[in-house]
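First the structure, in the form of structure tokens, and then the observations on it.
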Amino acid sequence: MKKLLIAGLVPVLLSACITPYKDPRSQEKMRQDLTTAVDALAGTYEVVDSRLDHDKVDRIVVDRLGNLPILMFYKNGGKDLVLNTGTAMCTGYVVGEEPAIRKSVYCTYAHPTYKDVYFRLYNVTNPETIKYQGLLGMMTDTMVVTEGVLLKFRGSSRNELTFALRRVAD
């Protein structure tokens, strides 16, 4: 009897482990949150600090196409375009209460060079410490961000790039 019970529970338990996350928000609320987050985060930013950025990006423009954010990465004083993300499947989040409302956008898309890409763009509401371990864990590099906007960007062929951003006048 115990074996039957265990055999019956195993598929149920395994299905719970592989069930994809279902956002509890309504479609309308998800659209509202995405619009609010993209509106709040759209603009031109200078890169204050970054990690694992081999292209030496110094300016990032967050624009929109309809309701979707498009990120453009520039170097050489904002003259040379390094990457344009294009449109993506995005979800917006607006969490917290005044004055510490975190607005964030999380996007995934297929890029011809970087394959499966995701990025997360959000305003910093509490200081964040991001640690990176070097080769074989010997060196640790720490980035502390107390204000502004953080962008975390990752392609399947790259490590996660992190940019601390400060909005500049357009």
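Quick notes on this one:
- Spin-label model distance (nm) - residue 166 vs residue 76, 7 Å beyond Cα toward Cβ: 2.5
- When 90, 107 are compared by accessible area at a 1.4 angstrom probe, the order from most to least is 90, 107.
The values are calculated or read from the model by the stated rules, or taken from the named source; none is laboratory data. Because the structure is predicted, anything quoted here is derived from the model rather than measured. Note that we place each Cβ from the backbone using ideal geometry, even for glycine, and neighbour counts take in every protein chain shown. Remember, those area values only see protein heavy atoms, side chains included, never the ligands or the DNA or RNA. Shrake-Rupley method; radii C 1.70, N 1.55, O 1.52, S 1.80 Å.
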